[in-house]
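A quick write-up on the structure given underneath.
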Amino acid sequence: MKMFLLTLLSFMLLACGTTDVDPGARPENGGTTPEETEMVLKDAPFPVGVAVTPHHMKSEPRYNALIKKEMNSITAENHMKMSHLSSARGEYTWDGADYIVSFAKENNMRVHGHALLWHRSIADWVNELPKGDRELWIEVMKEYITDVVTHFKGDVLSWDVVNEAFNDDGSWRSTPWYDNIGEDYMDLAFQFAHEADPDAILFYNDYGMEYSTAKRSKISEEVTAMIERGVPVHGIGLQMHIDIYSTKSNMVASINAAASCGVLVHVSEFDVRTNPDEDKNATFTEEVAQKQRESYQYMFEALMTIPQHQQFGVTMWGLVDNHSWLSDAPDWGLPFNKEYERKPAYYGIIDAITVSEE
Ligand code: XIL
């Protein structure tokens, strides 16, 4: 009954239009009374998480408090990437990543590891390795994956093993791993991660499955083929850095394509740009806030329509708008504003998960 009333209340507020009710965000020009809900994001039927930085965790008490209140999953935005972890072959700096893991353990949160291999985070010493020596590159890749997965074994539940292996046209992306090892670097990376931690849940992660049908097909085909070859791949991560003009049908199509491979589906880096053209003078208007609210709602609804045992969860790519990787545009892509207040996007999620609980 409570759920029903909350839904009804949200609906009535939406139906009121934009004249007298501010549904939660504090647009740049101020704002009025936020909507109320007793629910939090982690009431969703799957874990809801956030990408974090140790800097904000250590410097802003409000940051940790909000994460504890709303989330039950956590990911390092940067501190588990290769260029952050490894300064020389066999040498690692674990501090930042360990800090995030301890916070998660203290607060009973799941940790999703991001990302073992990513073309944009190659350690300097790897870039200096001799080109074309396939055996050496396999050895180095194995050593790196084994060291990192072993270090976090038992604490990190799941990993993005390979991030962004394909171009938008579905071709293999040229990366140091691909260029020096060949297509089977992907199978090998998953095998090495699995050998290091047989309990870890292993993901292929990428962006653009919502807007590129070529990429969507290629990823589905490749993951299916990997499973047929016996490669331990357990899930597909859809980054979903979308914008307010992205269509609901594309979100649904990408989530369904991933689900049709029979694996877990993680919306792994969700944010919704409000200023994709990067207009320096853009502002966060009420109209934009409402469009963004719909995008958040549609995505959660789409993930909730696939079989429940395949719903791995949603990770938002940051907590509050002003810390987001998009904020310089300027942009306002997240469910919380710079005052750590709930925006309409937040209530879009609540609407989606409320319906599911009735
Ligand atoms: C981004 C971080 O948010 C930035 O802070 C960093 O400077 C670059 O990487 N796809 C990914 C993420 O898989 O790792 C990226 O994160 C965003 C795009």
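With springs only between Cα atoms under 10 Å, which of 295, 73, 171 fluctuates most in a Gaussian network model of the chain?
171
Enumerate by residue number the GluC sites (Glu not before Pro) in the stretch 77-156 meeting two conditions: DSSP loop (anything except H, G, I, E, B), and at most 11 other Cβ atoms within 10 Å of the site's Cβ.
Within the stretch 77-156, the qualifying GluC sites (Glu not before Pro) (loop, at most 11 other Cβ atoms within 10 Å) are 128.
For the stretch 57-195, build the convex hull from the C-alpha positions and give me its volume per residue in Å³. Before the final figure, lay out each step's value.
Values: hull volume 16.4 nm³, N = 139.
Spread over its residues, the Cα hull of the stretch 57-195 gives 118 Å³ apiece.
Using a Gaussian network model of the chain whose springs link C-alpha atoms within less than 10 Å, name the residue from 193, 44, 329 with the highest mean-square fluctuation.
Answer for the Gaussian network model of the chain: 329.
With only alpha-carbon atoms in the gyration tensor, what are the semi-axes of the equivalent ellipsoid for the chain, in Å, largest first?
Over the Cα atoms of the chain, the ellipsoid semi-axes are 36, 21, 19 Å.
Run lengths n ≥ 4 of DSSP H only: what is the helix-derived mean residue ellipticity at 222 nm for the chain, with -39500 (n - 2.57) per run over all residues, to the nearest 500?
-12500 deg cm²/dmol
Leaving ligands, DNA and RNA out of it, rank 62, 216 by accessible area with a 1.4 Å probe, largest first.
Listed by decreasing accessible area, they come as 62, 216.
Between the DSSP loop rule and a limit of at most 15 other Cβ atoms within 10 Å, which trypsin sites (Lys or Arg not before Pro) in the stretch 87-136 are left?
89, 120, 131
Pick out the long, greasy-scoring helices in the chain: whole DSSP H runs spanning 15 Å or more along their own axis by Cα, mean Kyte-Doolittle at least -0.5.
2-15, 95-106, 134-151, 185-196, 213-228, 248-259, 344-357
Give me the percent of the accessible area of the chain that comes from carbon and sulfur atoms, probe 1.4 Å, all protein chains in place. Kindly include the intermediate steps, with their values, before the conclusion.
On the way: 7250 of 14480 Å².
Taking all protein chains in place, the chain shows 50 percent carbon and sulfur surface.
Please check: in the Gaussian network model of the chain (C-alpha springs, under 10 Å), which one of 234, 309, 151 has the largest mean-square fluctuation.
For the chain, modelled as a Gaussian network with Cα springs under 10 Å, the answer is 309.
Among 232, 177, 244, which residue has its Cα positioned farthest towards the positive end of the charge dipole of the stretch 115-244, with +1 placed on the Cβ of Lys and Arg, -1 on the Cβ of Asp and Glu, and the dipole taken about the Cα centre?
Towards the positive end, the residue furthest out is 244.
State to the nearest 20 debye the size of the charge dipole of the chain about its Cα centre, where the only charges are +1 on K and R beta carbons and -1 on D and E beta carbons.
In debye, rounded to 20, the chain gives about 420.
Where q = 0.09, 0.17 Å⁻¹, what log10 of I(q)/I(0) comes from the Debye formula for the stretch 199-358, counting one point per Cα?
Debye intensities relative to I(0), on a log10 scale: -0.30, -0.97.
Taking only the alpha-carbon positions of the stretch 260-303 and ignoring solvent, what does the Debye formula give for the base-10 log of I(q)/I(0) at q = 0.15, 0.32, 0.33 Å⁻¹?
-0.51, -1.18, -1.20
Sort largest first and round to whole Å: the equivalent ellipsoid semi-axes of the stretch 309-352, each the square root of five times a Cα gyration tensor eigenvalue.
Values: eigenvalues 89, 37, 12 Å².
Equivalent ellipsoid of the stretch 309-352: 21, 14, 8 Å, largest first.
Kindly provide the Kirkwood hydrodynamic radius of the stretch 35-107 in Å, to one decimal, from all pairs of distinct alpha carbon atoms.
Result for the stretch 35-107, one decimal place: 13.5 Å.
So how exposed is residue 228, as accessible area in Å² (1.4 Å probe, rounded to 10)?
Per-residue accessible area (residue 228): approximately 150 Å².
What is the P(r) of the stretch 155-273, as percent of Cα-Cα pairs per 10 Å bin from 0?
In whole percents, the pair-distance histogram is 14, 47, 32, 7, 0.
The values are calculated or read from the model by the stated rules, or taken from the named source; none is laboratory data. Predicted, not measured: the structure shown is a model, and the values here were computed from it. FYI the Cβ positions are ideal-geometry reconstructions off the backbone, even for glycines, and counts take in every protein chain you see. Calculation scope for accessible area: heavy atoms of the full protein, side chains included, ligands and nucleic acids excluded. Shrake-Rupley method; radii C 1.70, N 1.55, O 1.52, S 1.80 Å.
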